[in-house]
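The values are calculated or read from the model by the stated rules, or taken from the named source; none is laboratory data. Quick caveat: nothing in here was measured; it's all calculated off a predicted structure. Cβ coordinates were reconstructed from backbone atoms using ideal geometry, including for glycine residues, and neighbour counts include every protein chain displayed. Heads up: the accessible areas ignore ligands, DNA and RNA and are worked out on the full protein's heavy atoms, side chains in. Shrake-Rupley method; radii C 1.70, N 1.55, O 1.52, S 1.80 Å.
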Amino acid sequence: MKVILLNGSPRGKQCTYTALEVIANRLKEHGVDSEIINVGAKAVAGCIGCASCVSAGKCFVDDGVNEFVEKMRTADGLIVGSPVHYAGASGHVTSFLDRAFYSGSSAMQGKPGAAIVSCRRGGASAAFDQLNKYFTISNMPIISSNYWNQVHGNTPEEVLRDEEGIQTMEILADNMAWILKCIQAGKDAGIELPQRPAKIKTNYIR
Ligand SMILES: Cc1cc2nc3c(=O)[nH]c(=O)nc-3n(C[C@H](O)[C@H](O)[C@H](O)COP(=O)(O)O)c2cc1C
């Protein structure tokens with residue numbers, strides 16, 4: 001079993017990464033593999049809505065999004081981490097996820113997902129809600145913890161001193177591992193994903 005941990009901080013191995021590492025270590029204790037993918041500091045293109053991905057099966061921009069989607073095809077779960085930027089998710093991760101889900105949501109469907117956010121002080125709930133929207137439109141069961149998934153700090157050291165935040169990350173990892181094992185047990189017992197009907201899109205116009 002493998003969980004992809006997407007680090008949406010353009011600053012790399014800092015606060016969000018530290019929280020994701022806590023999760024990775026805890027998943028390992030449960031025998032669950034993980035891989036942290038950094039969106040990086042390079043520019044991430046936003047979705048221009050050209051819909052060329054519908055026929056091509058991938059985004060025409062080659063900046064890591066397609067590689068991430070391919071990794072998700074064989075992964076069992078996804079955890080997205082982001083720093084809080086102006087009470088929302090980072091611009092980098094928003095652009096990244098808009099394109100990943102628009103071009104490749106089939107790779108994520110039915111797989112458990114969770115979001116975590118790192119902030120200095122405020123805006124965590126709004127950013128957390130924003131990230132969960134990608135999962136709730138993609139038939140993904142959301143994994144929770146005993147608090148909203150946030151850590152506080154401006155440096156990795158401060159994050160590690162956020163005792164409650166770290167426990168929230170550890171319990172999230174426990175719950176992710178538990179659900180992955182339940183899903184596997186279900187598959188072994190012959191329980192498959194529900195058949196999905198073709199999507200009805202009305203655009204509210206009759
Ligand atoms: C552009 C920008 C906007 C930010 N906005 C907020 C904010 O709204 N609320 C907050 O608490 N921290 C804010 N911060 C601080 C970061 O969220 C915080 O330091 C976070 O832990 C950094 O995570 P990282 O080290 O993984 O990038 C902001 C930082 C930047 C660079």
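The table for this structure:
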{"item": "Test: residue in the range 57-79 that is touching a helix residue (DSSP H, G or I) at 6+ places or on another chain (Cβ under 7 Å), within 25 Å of R11 (Cα to Cα) and within 16 Å of the ligand (Cβ to nearest atom)", "result": "yes"}
{"item": "Candidates R11, R73 - the one that is open to solvent by 60 Å² or more (accessible area, probe 1.4 Å) and either in contact (Cβ under 8 Å) with a residue 60 or more places away in the chain or within 13 Å of the chain's Cα centre (by Cα) (or both)", "result": "R11"}
{"item": "Residues (hydroxyl-bearing (S, T, Y) and within 21 Å of M169 (Cα to Cα)) located in the range 46-90", "result": "S82, S90"}
{"item": "Any hit, the range 83-96, residues being open to solvent by 30 Å² or more (accessible area, probe 1.4 Å) and of a type in the set (S, T, Y)", "result": "yes"}
{"item": "Criterion violated by D174 - all others in (1) part of a helix (DSSP H, G or I); (2) open to solvent by less than 30 Å² (accessible area, probe 1.4 Å) satisfied", "result": "(2)"}
{"item": "Every residue from the range 116-144 that is open to solvent by less than 30 Å² (accessible area, probe 1.4 Å) and in a loop (DSSP other than H, G, I, E, B)", "result": "G123, S138, M140, I143"}
{"item": "The range 36-48 - residue that is touching a residue at least 40 places away in the same chain (Cβ under 8 Å) and more than 16 Å from the ligand (Cβ to nearest atom) and, of those, surrounded by the fewest Cβ atoms within 10 Å (Cβ to Cβ)", "result": "G46"}
